[in-house]
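Take a look at the structure below.
The values are calculated or read from the model by the stated rules, or taken from the named source; none is laboratory data. Please read these numbers as outputs of a predicted model, since none were measured by experiment. Positions of Cβ are generated from backbone atoms using ideal geometry, with glycine treated the same way; all protein chains shown enter the neighbour counts.
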Amino acid sequence: MQLFIRHETRYQYEHPVKYSIQSLRLTPRRDAGQRSLSWRINAPGRRVEQSDAHGNVAHLLTYEEPHRDVAIVVSGIVDTSASTSAVFDDEGPLAPLAYLAPTPLTRADERVRAFAAAGLGGGGSLASRLERLAADVSTTVKYRRGVTSVNDDAATVLGHGQGVCQDQAHVFIACCRAAGVPARYVSGYFYTGDSGDIATHAWADAWLGEQDGWLSIDLTHNALAGERHCRLAVGRDYLDAAPVRGVRQGGGGEKMAVAVAVATSAQQQQQQ
């Protein structure tokens, strides 16, 4: 499947910003299951490309001119035809054990540990038990916008019983790590169908072992990741894989607007 993607992030400030620096993870990963046929970043300022500790393509964007409005736009075509399996070999520079230690966003309290034990208990292969745990997370943490913030950790989200894709991924990752299974956060895009519109998406990878590699699971849709998913970045949690993060000097109040469109080649031809 060829996915045509356009993602715009626009910031508007109450007062002029003197200086800003943004860390962008907005370039599809060079994973075995996908390849970029074309990809372009349009943004003001100076941009430097690098590869981070997790093997993500990252850009450091600095803007030193006074400004009250910044637009970062990425667009391109990604071929996900090779994503026929949700299981793939380890391709990152870090050992899987690096994704076993908890982070502030994936801490496990007694409730999380009990939830993990119930979901991963019983018979079956590790992959089947992970899928069972994913189904439990999807059922227990209902998808709902506006009830959590980016600072809410897995234990808090499980207590709420509601959250967005980021929250569901954090709960799943916390459960895996509490049970001794390395797991990592994935940011990217998901093709929903005819509408073609969706915000950036998040899911998780869980380590099955040297023989099998990573199992990629979409908690929001309670399904294995596949050719409808485009992977941008992986990390220990959201903070490692966020598409855009930054700091600024000045500016006062801030408004941010995000617009994402994901379409197939057939839809693109119909629109032309």
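Answer with yes or no whether VAL181 is more than 26 Å from ALA95 (Cβ to Cβ), in the same structural domain as ALA117 (by TED's automatic domain parsing), of a type in the set (A, V, I, L, M, F, W, C) and more than 11 Å from the chain's Cα centre (by Cα). Spelling it out, it is not the case that VAL181 is more than 26 Å from ALA95 (Cβ to Cβ), in the same structural domain as ALA117 (by TED's automatic domain parsing), of a type in the set (A, V, I, L, M, F, W, C) and more than 11 Å from the chain's Cα centre (by Cα). The set of residues from the range 22-51 being more than 21 Å from ARG248 (Cβ to Cβ) and either at pLDDT below 90 or surrounded by 14 or more Cβ atoms within 10 Å (Cβ to Cβ) (or both) comprises THR27, PRO28, ARG29, ARG30, ASP31, ALA32, GLY33, GLN34, ARG35, SER36, TRP39. Look through the range 114-150, keep the residues that are of a type in the set (Gly, Ala, Ser) and touching a strand residue (DSSP E or B) at 6+ places or on another chain (Cβ under 7 Å), and return whichever of them is nearest to GLN211 (Cα to Cα). The residue in question is ALA127. May I ask you to verify whether ARG111 is of a type outside the set (Gly, Ala, Ser), surrounded by fewer than 18 Cβ atoms within 10 Å (Cβ to Cβ), farther than 20 Å from TRP214 by Cβ and at pLDDT 95 or above? Answer is yes for this residue.
For VAL186, the stated conditions do not hold, so it cannot be described as within 21 Å of LEU24 (Cα to Cα) and not assigned by TED's automatic domain parsing to the domain that holds VAL150. Being in a loop (DSSP other than H, G, I, E, B) and over 29 Å from ILE217 (Cα atoms) is a description that applies to GLU65. Of the residues in the range 194-206, at least one is over 10 Å from the mean Cα position of the chain (by Cα), more than 23 Å from PHE4 (Cα to Cα), acidic (Asp, Glu) and at pLDDT 95 or above. Among the residues of this structure, VAL48 does not count as one that is farther than 28 Å from GLY213 by Cα, out of contact with any Cys (no Cβ under 6 Å at 6 or more places or on another chain) and assigned to a loop (DSSP other than H, G, I, E, B).
For the range 199-223, the set of residues classified as assigned to a strand (DSSP E or B), surrounded by 18 or more Cβ atoms within 10 Å (Cβ to Cβ) and aliphatic (A, V, I, L, M) consists of ALA202, ALA204, ALA206, LEU208, LEU215, ILE217, listed by residue number.
Is it the case that some residue within the range 114-135 is farther than 23 Å from LEU239 by Cβ, assigned to a helix (DSSP H, G or I) and among the acidic types (Asp, Glu)? Yes, that holds for at least one residue.
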